Every structure is written in structure tokens, then in C-alpha cells.
1. Between residue 326 and residue 36, how many nm apart are label points set 7 Å from Cα along the C-beta direction?
2. Could you work out the local net charge near residue 143, counting Lys and Arg as +1, Asp and Glu as -1, over the other residues with Cβ closer than 15 Å to its Cβ?
3. Label-point separation (nm) for residue 195 and residue 80, each offset 7 Å from Cα along Cα-to-Cβ?
4. How many angstrom lie between the C-alpha centres of region 122-157 and region 309-358?
5. Between residue 95 and residue 51, what's the calculated FRET efficiency when r is the beta-carbon distance and R0 is 30 Å? Round to 0.05.
6. If R₀ is 35 angstrom, what is the calculated FRET efficiency for the pair residue 103 and residue 301, using the beta carbon separation as r and rounding to 0.05?
7. Roughly what would the spin-label model give for residue 172 and residue 116, points 7 Å off Cα along C-beta, in nm?
8. For an R0 of 22 angstrom, estimate the FRET efficiency from the Cβ-Cβ distance between residue 308 and residue 67 and round to the nearest 0.05.
Amino acid sequence: MKTTLLLAFGLMSFFSNSQQIIDKCLSHKAIQYQESLTPGYIDQVNSVFARAKAHQSNYSQEKMNSLYTIPVVFHVVYNTAAQNIHDSVLINQIKVLNDDYNRLNADTVNMRSDFDGVAGSPRIEFRLAQIDEFGAPTTGITRTNTSTTSFGSIAAVTGSFADLEKVKSTADGGIDPWDQSRYLNIWVCNMSINFFGQEITALLGYATPPDGLPHWPAGATSGMSDGVVLQFQTVGTNNPNQIDMGNGLQNTLGRTATHEVGHYLGLRHIWGDGDCTAEDGIDDTPNADAESNFDCDDTKNTCVDNILGVDLPDMIENFMDYSADDCQNSFTQGQGDLMIGVLENERYDLVHNNPASIQNLDATDLSVFPNPTSNSITLTHKNNITEIRLIGMYGTTLSSTIPLQSGSTISLENYPAGVYFINYTSESGMVFSKRVVKQ
Ligand SMILES: [Ca+2]
Ligand SMILES: [Ca+2]
Ligand SMILES: [Ca+2]
């Protein structure tokens, strides 16, 4: 198993007294892990991807005329002062995302001219949330002091995300997400592995792909929580904490976030997580052999393909490769179109019902009882609510009711224990949200 070999390689670094990235990004393994919890999940992710891809030409035109804005909340979960990274580092990371997702990053000049015909700007903007899910002003940053020294573990790098996912739960030493249908939640924490006293940086980040499941099957008792997780040293370009990757490789340009948000918006690794028979599903990205480009080697052309009549070399410049931060500088047009397709479908509320438009929330508009609940909840509310929706942990709508009389009941009987949200829409079209916990 590749993972085992990489793990062994990583642990060997113990003897060389240097840190070693065992697996730069665990997102593709996160999908496999979720499949083990919820059989059928991989099929669902594939169908979401196919749907987004089928529509991407429509969104190419749509994108020309609009800029999509995604509200971001950073959850800094720290055990040491160094892990409690400063606001200025998080704000810097937002700038990196905005540069990279609008092709404003200065290092596009480093992209080889081979890719001039395919490179493009996704035109997606990121903003720290200014209003929280309950309508109160916010910096878009939460800080949680945890007794957990690391959310990483040997189990995590061998395919179980149970330890990592604890950062997303207040009850497990992390912090619960904000409404995942309307915020991009980014947790920043330590995921290093302590191996006989030696700290090994096992991975830099992971993200959950957009999910199209209408609901979680009965019997599913746990699932991954939607969002992005970053190793704290990877955030921003002005982070005083650095990871020594060895060989002069740099990961100090904030591009772990660029890469993980790409997964969150539906992109796969550019090499398709496999050899030349496996590809990423995007027509204008050249395929590559398995996981080859940690090294920023611009001489490689590992798979034969035909894009605009040419067999392009491996695109180490692509943000969805594994190459180091200072080697990456570009998305392709096809990747941008696919992400817009996801924002128009699976992550619709993120850009169309986002908190930038929420004002004057009256928290008494709707009450939910009991909360926490073991089964059903009763909703009482004022007459001026036009729609009520039950939102799952993945940000997808589980049920929708128009109109719903005050005093009505919604059953959570068929859903697993976890955090849910009641989203309700006022007459003026504003969307509010209440958190509900099923025990
Ligand atoms: Ca491949
Ligand atoms: Ca491709
Ligand atoms: Ca090629």
C-alpha cells in the first residue's frame, strides 16, 4: 500500500531528524473514508461531479458577468501560543485566495507558455464573514483553546479521519461549524504526529467535496463534517511558523488553502489520483501519472493527451497538483467552470443566500423546542416566515416546507445524531439560521 510505504518513509525521517510530509493532502482519502461510513458516497460524489461537468459550458458564460463571493469563517483551534496564529495571517490568507482565484497572483508570469490556451480565472471572491449565523457582527474568526495537542494520529495517515474530524466538534476539543450551507468553514489546527518525541508534519490539509446526498441513509451513525482543515503553519504568506519540507521546497505561500478550497468546490487532483488511465475529469488539464509532482520538475510529460491539438507536459503549475507552493500559479478555464457549476448547484446557498445579505435579524422570529432533541422538534415563529428548511451537516437541504404553521413539528427520526440547521426565509427574502442538535 502506498500509504504504508509513505508512512514508513515518513517515520524514517525520525532518524534523519527532519520533518517529512507523509501525504500533502488527504482529500481523496477522505472520500474513501466517508464511503466506509456511508456506502454509496463515492457514487454520489461522482454524480455531482458529472452533473457539474455537464453544465460547465453554461457557467462559462455566466461567470463572465458575475463575481461569486464566498463568506469564510476561520476556526483557529490552538493548544500552543504559536498555533494561535494572528488575525493578520488569516487576512493575508484571504488575499492569497482572492489573488489565486482571480488570476491576480504575480507569479502567473512563471507559467510556461504551453498553458496559455488553457489557463483561466475562476472569478471567485472570498470574504471574512461580517455577520455570524445568528445575525451578530463578527470578525469571521473564532478562537478555541484546546487541550488536544494534535488532531493528527497514525490512524489519520492510514485512512481513518475520526481523530482529525474532532477539530470540527466542540464536544471533542474543537469547535462546531457555522451553518455549512452559507459559510465556508476553515479550521486551522495542529495535525502533526508525535512519534517517540519527534514531531512529524503528516499532512497539510484536507477538504470535503460538494455533496449531493438528499439525506444520510438511516443507520449512518457518523459522517465527515463539511469544510476545509489546514495545518496551522500553511496559512498565509506572513506566518511566523514554517514547515521544513526538505530539499528546499517551499510551502509558505498560502497555497495549501488554494488547493483545499479547490477540492471543496469540486476539483480533483490534476493527475486524477491514479496513473495515466485515471484522470481528473477536466478536459483542459493534462493528465499525469500517479502523484508525481512534489518536485517542481518541468521536464515531465508522463501521459499522452491531446488538448487543443497538443500533448501538453505535466502541469506542475496547477494549484491541484502536489508541487510546492512556489511552483503553483494557475487554474485552467475548465477547472474554473466546474467550480462555478458547483456554486450554482450543490453549494448554491453559499453564494446566493450568503450572510452578506443578512441584516436586522430578530432572534425571536423562530424558536425550536426541544433543543437538543432525541427525535422531533416543534417550531414556533412569527407569520412573516415564508419558508423553512432543515439543513444537514453537509449543508444540503433535507426537507423544505412552504408554508409551515407555527407550532408544527419536524421529525429528525430518520437522521443520524449530529448538528443540523433550521434555515428560515423572511418575507423580504433574507435567510436566517438556527442550530439544532440531535442526540
Ligand atoms: Ca492520472
Ligand atoms: Ca484532465
Ligand atoms: Ca501530456
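A short reminder: the numbers here are calculations on the coordinates, not readings from a lab. Bear in mind the structure is a predicted one, so any value in this text is a computation, not a measurement. As a convention, Cβ positions derive from the backbone with ideal geometry for all residues, glycine included, and neighbour counts pool all protein chains shown.
1. About 3.7 nm separates the two model spin labels.
2. Details: positive: none; negative: 87, 132, 176.
Summing Lys/Arg as +1 and Asp/Glu as -1 gives -3.
3. Here the answer is 1.8 nm between the modelled labels.
4. 21
5. On the way: r = 32 Å, r/R0 = 1.07.
With R0 = 30 Å, the Cβ-Cβ based efficiency is 0.40.
6. Values: r = 24 Å, r/R0 = 0.70.
After rounding to 0.05, the efficiency reads 0.90.
7. For residue 172 paired with residue 116, the spin-label model returns 5.0 nm.
8. Numbers: r = 27 Å, r/R0 = 1.23.
Plugging the Cβ-Cβ distance into 1/(1 + (r/R0)^6) gives 0.25.
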